[in-house]
Every structure is written in structure tokens, then in C-alpha cells.
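Following: one structure in C-alpha cells, then a few remarks.
The values are calculated or read from the model by the stated rules, or taken from the named source; none is laboratory data. None of these values were measured; they are calculated from a predicted model. FYI the Cβ positions are ideal-geometry reconstructions off the backbone, even for glycines, and counts take in every protein chain you see.
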Amino acid sequence: MLISITALYAAILAFIIVALGINVTVHRVKLGVPLGDGGNPQMLRMIRLHGNAVEYIPLALVLMLAYEINGGWHTALHIIGIALVAGRLIQTWAMWSTEIAGAGRGTGQTLTWLSIAALAVLNIWKLV
């Protein structure tokens, strides 16, 4: 069985995670912080940008994969995949721009949570 939908979104989201990881390294060099955040709020923000992506994306992809393997509705997978990518990009942009938690961060994180919750519900629905 092909899992081409999950593979597509996994690849896109992997680019986001890699870009955020590179961003942390670039900021480490730029700010002279070899380990941790060095007490620098900008460094902490860049670390958390990467960390937040790594905390949520794998769970979403596991749920997406399980749903696709179990013959889930392809349109739902695309809708959720697009929402997840959009959520991660909006959240990244908003957190990168300012340390103030504003509407962009809330919107991005909410899209991420809703994507994960939708995938969890779809997986349960598929199995009952």
C-alpha cells in the first residue's frame, strides 16, 4: 500500500523542521551561545520555535500515517495536512517576528492542535 499523502506532508514538514534547526545553529553562532539559550531571549525563542515543531509534528504524522494505512479518506488527509502545514508556518512566522504571544501564534498553534485532534478522531472513527 502506498502512503503517498503522508509522505508528501512528512516531506514538507521535514523541511520546516530542518530549516528551524539550521536557524538555531545560525543564531548560536551569531549570538555566541554554545549551549542552551545563554540567557538570551532571542536564542530561547529560536530554540522553542524548533522545539515546538519537533514536539507536535511527529505525533501528527504518526496519526496521519495510521489513518492512511487504514484506508482513510484522502480528501480529509489533504485538508488536515494543509491545515497542519499552514499552522506550523503561521506559528513559526508569528513567533519569529516577536516574543509577544499574539494572534498569529494562537492561530498557528490552534491549527496544529485541531489537526492532531481531527486525526485522532478520524483514527478512532475508522476503527470502531
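Scanning segment 27-52 for residues that are of a type outside the set (Lys, Arg), touching a helix residue (DSSP H, G or I) at 6+ places or on another chain (Cβ under 8 Å) and either surrounded by 16 or more Cβ atoms within 10 Å (Cβ to Cβ) or closer than 18 Å to ILE100 by Cβ (or both) yields a total of 11.
Quick check: is even one residue across segment 62-73 among the aromatic types (Phe, Trp, Tyr), in contact (Cβ under 8 Å) with a residue 60 or more places away in the chain, surrounded by 13 or more Cβ atoms within 10 Å (Cβ to Cβ) and within 30 Å of LEU2 (Cα to Cα)? If you could, list the steps in order and put the result at the bottom.
Narrowing segment 62-73 to residues among the aromatic types (Phe, Trp, Tyr): 67, 73.
Those still in the list that are in contact (Cβ under 8 Å) with a residue 60 or more places away in the chain too: none.
No, segment 62-73 contains no residue that is among the aromatic types (Phe, Trp, Tyr), in contact (Cβ under 8 Å) with a residue 60 or more places away in the chain, surrounded by 13 or more Cβ atoms within 10 Å (Cβ to Cβ) and within 30 Å of LEU2 (Cα to Cα).
Can you find even one residue in segment 90-103 that is surrounded by fewer than 17 Cβ atoms within 10 Å (Cβ to Cβ), more than 17 Å from the chain's Cα centre (by Cα) and β-branched (Val, Ile, Thr)? Yes, segment 90-103 contains a residue that is surrounded by fewer than 17 Cβ atoms within 10 Å (Cβ to Cβ), more than 17 Å from the chain's Cα centre (by Cα) and β-branched (Val, Ile, Thr). Taking the condition within 19 Å of MET1 (Cα to Cα) and crowded, with 19+ Cβ neighbours inside 10 Å, does GLY108 pass? When the stated conditions are applied, GLY108 does not pass them.
The residues on offer are GLY102, GLY72, GLY39, GLY81, and the sole one that is of a type outside the set (S, T, N, Q) and on the phi > 0 side of the Ramachandran plot is GLY39. Among the residues making up segment 79-100, those that are touching a residue at least 40 places away in the same chain (Cβ under 8 Å) and either over 14 Å from LEU111 (Cα atoms) or of a type in the set (Lys, Arg) (or both) are ARG88, MET95, TRP96, GLU99. Among the conditions (1) surrounded by fewer than 19 Cβ atoms within 10 Å (Cβ to Cβ); (2) closer than 28 Å to ASN23 by Cα; (3) modelled with pLDDT under 95, the only one that GLU55 does not satisfy is (3).
When residues of segment 88-114 are filtered for being more than 13 Å from LEU49 (Cα to Cα) and not in a loop (DSSP other than H, G, I, E, B), how many remain? Matching residues across segment 88-114 total 9.
Within segment 1-19, residues that are farther than 16 Å from LEU63 by Cα have Cβ atoms under 7 Å from residues that are among the charged types (D, E, K, R) in these pairs: ILE16/ARG88, counting only partners at least 6 apart in sequence or on another chain.
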